[in-house]
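All remarks here apply to the structure that follows.
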Amino acid sequence: MELAHYSDYAVRLVNTEEPARNKDALTSVDAVRGLFGASTQMARRVTDTDVTRFRNVRGRLRAVFEAADGGDHVLAVDLLNSLLMEFPVSPQVSGHQYLDDEGRPDWHIHLADHPSNASAGYAAIASFGLAFHLTEHGPDRLGLCQAAPCRNAYLDTSTNRSRRYCSDRCATRANVAAYRARKRLEAEASGHSGRSADTAQDSRALSEL
């Protein structure tokens, strides 16, 4: 498993909440378990207590994205380092489940499950993944969706650092809104120009009387 994959854990957790819409999907043990994807071993260890713990980690991860998105990269790194110190990872060399074309193990770094609890394990993986992405691509690649009121987190992997939205749906919605706004301005400008022309014509007519 590539280390970059672990950054998805951070995005997945942050996006369980939509603050602007007052929505929170992280309300039950089943919801928390759903975050783990194929990592069923960690998911089975989730308890009711983990729901609150996950929400706390989610807020701290969102703060990293907010700082990066706002251009305060030093703060983003400081916040992320705080998470890394509190939730250290346990790297291991793995490969017995993945074989190359010649049947040999495809050795790679794997992050082992955290020994204490599910929330600590998830926080360790998510924080490390985000740190890997940040150091590989730069803190400006951590963003929050610009299609208000969404503000979902995303990782910009575009070649020209041009991503501004969390999904194609939000990008389309933002483009449609911008198009309609331009049309309204054009209509208002046209209407104003028309009224100005009518006023000028009336003034000329009056002067000829």
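The values are calculated or read from the model by the stated rules, or taken from the named source; none is laboratory data. Quick caveat, the model's predicted, so the values are computed rather than measured. Backbone-built Cβ (ideal geometry, glycine too); neighbour counts: all protein chains shown. These accessible areas exclude ligands, DNA and RNA; they are computed on the full protein's heavy atoms, side chains included. Shrake-Rupley method; radii C 1.70, N 1.55, O 1.52, S 1.80 Å.
Miscellaneous remarks
- Given (1) aliphatic (A, V, I, L, M); (2) open to solvent by less than 40 Å² (accessible area, probe 1.4 Å); (3) at pLDDT 95 or above, number of the condition VAL77 does not satisfy: (2)
- Residues (open to solvent by 40 Å² or more (accessible area, probe 1.4 Å) and of a type in the set (Val, Ile, Thr)) located in the stretch 24-56: THR27, THR40, THR47, THR49, THR52
- Criterion applied to PHE54, PHE36, PHE65 was being closer than 24 Å to SER162 by Cβ, in contact (Cβ under 8 Å) with a residue 12 or more places away in the chain and of a type outside the set (Asp, Glu), and the one residue passing it is PHE65.
- Positions within the stretch 7-23 being open to solvent by less than 70 Å² (accessible area, probe 1.4 Å) and either among the polar types (S, T, N, Q) or without any contact (Cβ under 8 Å) to a residue 12 or more places away in the chain (or both), in sequence order: SER7, ASN15, THR16
- From the options TYR122, TYR165, residue that is modelled with pLDDT of 90 or more, open to solvent by less than 50 Å² (accessible area, probe 1.4 Å) and closer than 30 Å to VAL57 by Cα: TYR122
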